[in-house]
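Since the structure comes first, as structure tokens, the remarks are kept for the end.
The values are calculated or read from the model by the stated rules, or taken from the named source; none is laboratory data. Computed from a predicted structure; not experimentally measured. Every residue, glycine among them, receives a Cβ derived from its backbone with ideal geometry; neighbour counts consider all protein chains shown. Keep in mind that these areas ignore ligands, DNA and RNA; they rest on the heavy atoms of the full protein, side chains included. Shrake-Rupley method; radii C 1.70, N 1.55, O 1.52, S 1.80 Å.
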Amino acid sequence: MRITDHFKHAAGQTLVSFEVLPPLKGGSMQDIFDTLDPLMEFKPPFIDVTYHREEFVYNKRASGYYEKTAIRKRPGTVGICASIMHRYGVDSIPHLICGGFSKEETENALIDLQFLGIDNVLALRGDARKFEDKFVPEEDGHKYAVDLVKQIHDMNQGIYLDSSIEKGAKTDFCVGVAGYPEKHFESPNFQQDIQYLKDKIDAGASYIVTQMFFDNETFFNFKKACEDAGITVPIVPGIKPLTKKYQLNSIPRKFFVNFPETLVKEILKADDKDVAQIGMEWCTQQSRELKASGVPCIHYYTMGDSKIIQKIVENTL
Ligand code: FAD
């Protein structure tokens, strides 16, 4: 079912959804089931599965030179989606990125998804590869997520890259895109970022999932800015509990988000063993407030840690 239909059927009730990462190569599907099994009691209408492109690694050769090799550390997104649908009977949403894909490869990937009965995709640009200082699209690939949204929108009209295909089968993808309550780090300013987000909606996207945030005010301001810009699609807040002290630095470095002063002070003065409890209580408070504000769904970044998420959702619903 289309995600937007899930929201319609919920008739104003706040849903919960979860996001999982494919296990590192060598791991098994059981890793995903172990994360999701305890969360299925909350009846998530959909589960997101992230996509991870290949990374470069440098191996030192006997000669002393380094050999550059491309490896994919977390393959399996589409297989995991199919497996989730099969085991739990819920929708799964593969993340699809521009990085590493030509338009032709994107088209073929979308055909596979449609044949598998996957109705929703989260369309993203992807980040720069490690050791590259900026995002570099494939020679015949998309530079921005908006271009990927346009390609999917075309396929929904039966328009394929090969213009000799007449009356092509119309796909029926519901497309989500990413939004950034604290602005995307490459954007010149917040307002321009909102404009680029609006472009993605105008190109055919039907809902927004946000980057994680730890201060609900940033989300409420973002939502208001979206509304002021004429964005009317559902906006799903994505959140995650802080569980370890080192995340005070690693999360801002990786995701370009801020922690509110009160949370930072509490974590800094806490013993390591108490950090997860503080993070859980913080995230529970966030969830309760978001639910009270009437968001259509709260999206939890599980990062493979379902026990804490389970407690948060139990204490929120
Ligand atoms: P875009 O919307 O293309 O924006 C990228 C940058 O370009 C922004 O600064 C934007 O303001 C700017 N921009 C947009 N359009 C234009 C234009 N026309 N001209 C000039 N500048 C423009 N990454 C993964 O690799 N795999 C995942 O599974 C994944 N899942 C994610 C899920 C969520 C909910 C979120 C929030 C992010 C996720 N990411 C994932 C990370 C994401 O790929 C990065 O944040 C990436 O840097 C930007 O992706 P985007 O889709 O927002 O890009």
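Points to keep in mind about this one:
- Two-site FRET efficiency, Glu67 against Glu266, from Cβ-Cβ distance with R₀ of 41 Å, rounded to 0.05: 0.30
- Aspartates and glutamates with Cα under 18 Å of Lys273, excluding same-chain neighbours fewer than 8 positions away: Glu281, Asp305
- Using a simple spin-label model with pseudo-atoms 7 Å out from Cα toward Cβ, Ala128 and Phe33 lie 4.1 nm apart.
- The Cα atoms of region 172-310 give a gyration tensor whose axes a ≥ b ≥ c have a/c of 1.5 or more with a/b greater than b/c, which makes the shape prolate.
- Segment Lys143..Gln157, full-extension length gain: 2.8 nm, with 0.36 nm per residue of separation and the alpha-carbon distance subtracted.
- Accessible surface computed residue by residue for the chain, with neighbouring protein chains in place and a 1.4 Å probe, gives 50 Å² per residue.
- J(HN,Hα) series, region 48-55, from Karplus relation 6.51 cos²θ - 1.76 cosθ + 1.60, nearest Hz, glycine and proline x: 8, 10, 6, 10, 10, 6, 5, 10
- Gyration tensor over the Cα atoms of the chain: the corresponding equivalent ellipsoid has semi-axes (square roots of 5 times the eigenvalues, largest first) of 30, 26, 21 Å.
- Qualifying chymotrypsin sites (Phe, Trp or Tyr not before Pro) in region 132-226, where qualification requires a DSSP coil assignment and no more than 14 other C-beta atoms within 10 Å, comprise Phe185.
- Eligible aspartates and glutamates near Lys103 by straight Cα distance, threshold 16 Å, same-chain separation 8 or greater: Asp112, Glu138, Glu139, Asp140, Asp147, Asp154, Asp162
- For the pair Arg288 and Glu41, label points projected 7 Å from Cα toward Cβ lie 2.0 nm apart.
- Percent carbon-and-sulfur accessible area, region 1-160, ignoring ligands, DNA and RNA, probe 1.4 Å: 51
- In loop segments of region 156-187 as defined by DSSP, the GluC sites (Glu not before Pro) with at most 11 further C-beta atoms inside 10 Å of their C-beta are Glu166.
- Counting only DSSP beta bridges whose two residues both lie in the chain, roughly 20 percent are antiparallel.
- Highest mobility in the GNM of the chain, judged by mean-square fluctuation with C-alpha springs under 10 Å and restricted to Asn189, Asn221, Asn59, is found for Asn59.
- A Förster distance of 22 Å, applied to the separation of the beta-carbon atoms of Asp112 and Asp172, puts the FRET efficiency at 0.90.
- Stretchable slack from Asp5 to Phe185, in nm (0.36 nm times residue separation minus alpha-carbon distance): 61.6 nm
- Pairs exceeding a 20 Å alpha-carbon distance, out of Lys200/Lys224; Lys223/Lys291; Lys130/Lys244; Lys8/Lys311; Lys183/Lys224; Lys245/Lys307: Lys130/Lys244; Lys8/Lys311.
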